[in-house]
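**Q** Okay, here's the structure, questions in a sec.
Throughout, read-outs are computed from the coordinates displayed, never taken from laboratory work. Every value quoted in this text rests on a predicted model; they were computed, and no experiment measured them. Because the Cβ atoms are built from the backbone with ideal geometry, glycine has one as well, and the counts that use them run over all protein chains shown.
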């Protein structure tokens with residue numbers, strides 16, 4: 001057994017013991033897919049100091065390179081938007097912009113995707129191509145499409161995929177737009193973090209199909225969300241639990257959202273919807289401008305920009321009350337007829353009330 005095979009087998013055993021890797025077919029996919037082949041260009045190692053965080057290249061040939069490839073760690077493969085490990089010597093003090101996600105999260109998401117033979121899958125965020133290769137192993141190259149916003153990253157992934165014998169369809173474009181004209185898909189999985197589920201993904205998923213994504217919020221909050229698309233174009237589902245922090249937010253042409261308004265009674269809540277304006281309340285109640293967010297417990301909640309930055313819910317009838325809202329196990333996202341908004345309905349933990357938010361602006 002070669003060194004990389006022994007390391008890969010040990011990694012598989014760890015992922016299974018940790019509960020991330022559960023099914024025989026995904027286990028075989030991980031055993032058969034050499035992660036180090038997707039890191040031939042090296043990765044960056046974090047270097048902490050008294051000042052800004054630095055990154056130094058770790059190239060093939062470095063004794064630390066191969067063991068790192070089979071650790072359950074996310075490995076940075078690009079910084080500052082264009083710089084790869086082979087471009088520099090020494091240390092660089094810039095922010096990471098692309099990485100190979102930790103295998104534990106990759107296989108957990110693939111297990112949670114609940115694929116069956118013959119299903120067509122759209123992956124948002126090709127990255128190094130490692131997760132794409134696992135999908136190809138499980139389903140076949142012809143059933144896998146992966147979208148990447150960075151043309152250079154996509155090219156490197158195509159090369160790596162070819163070296164391990166896979167030729168899926170790779171698309172360079174904005175992942176928030178999905179794959180226009182390529183659907184419908186049975187599954188959509190986002191390998192990068194997002195601020196909200198784009199309406200385009202709902203439109204490109206067949207009824208009964210599922211969308212799995214890491215939804216990111218403020219203060220590094222994040223959760224895996226899985227939605228099932230209904231016949232009427234709506235999607236229902238919920239958060240799967242377990243904080244996820246290794247995905248980078250997907251690049252987008254939307255203007256960034258402003259500072260997070262936080263009240264003393266909701267200091268741990270983080271808005272997720274970005275700049276989209278919202279409206280809340282039952283019929284006849286006064287509108288406000290809430291946003292879908294995560295509460296301190298990781299559940300969906302509804303925020304409102306009412307002075308002095310209160311949190312608004314609609315328990316029962318009449319005028320909305322002001323309180324921290326912690327929803328139950330399910331949430332519902334609805335694509336409007338024009339495709340320019342979405343609505344989210346979250347039952348409360350008690351199951352007796354409903355909190356409803358409807359988007360009124362472009363996504």
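**Q** By count of other Cβ within 10 Å, fewest leading, how are 152, 116 ordered?
**A** Working: 152 14, 116 9.
By the 10 Å Cβ count, ascending, the order reads 116, 152.
**Q** Using only the alpha-carbon atoms of segment 24-98, report the extent along each of the three principal axes, biggest first, to the nearest angstrom.
**A** For segment 24-98, the Cα spread along each principal axis is 46, 22, 21 Å.
**Q** Starting from the Cα gyration tensor of segment 164-212, take the square roots of the eigenvalues, sort them a ≥ b ≥ c, and report rounded, prolate or oblate (rounded when a/c is under 1.5, otherwise prolate if a/b is larger than b/c, else oblate).
**A** Values: a/c = 1.62, a/b = 1.32, b/c = 1.22.
Verdict is prolate for segment 164-212.
**Q** For 82, 101, what ranking results if the residue with the fewest other Cβ atoms within 10 Å of its Cβ goes first?
**A** Values: 82 12, 101 23.
The fewest-first ordering by Cβ neighbours comes to 82, 101.
**Q** Based on the Cα coordinates of segment 1-160, what is the per residue volume of their convex hull in Å³?
**A** About 121 Å³ per residue, rounded to a whole number.
**Q** Take the Cα radius of gyration of segment 102-239 and divide it by 2.2 N^0.38 Å, with N its residue count; two decimals is plenty. Write down the numbers at each step before the final one.
**A** Details: Rg = 14.0 Å, N = 138, 2.2 N^0.38 = 14.3 Å.
Rounded to two decimals, the normalised Rg is 0.98.
**Q** Further question on the same structure: Sorting 109, 59, 1, 102 on the 10 Å Cβ count, fewest up front, what's the list?
**A** Arranged by neighbour count, lowest to highest, 109, 59, 1, 102 become 1, 59, 102, 109.
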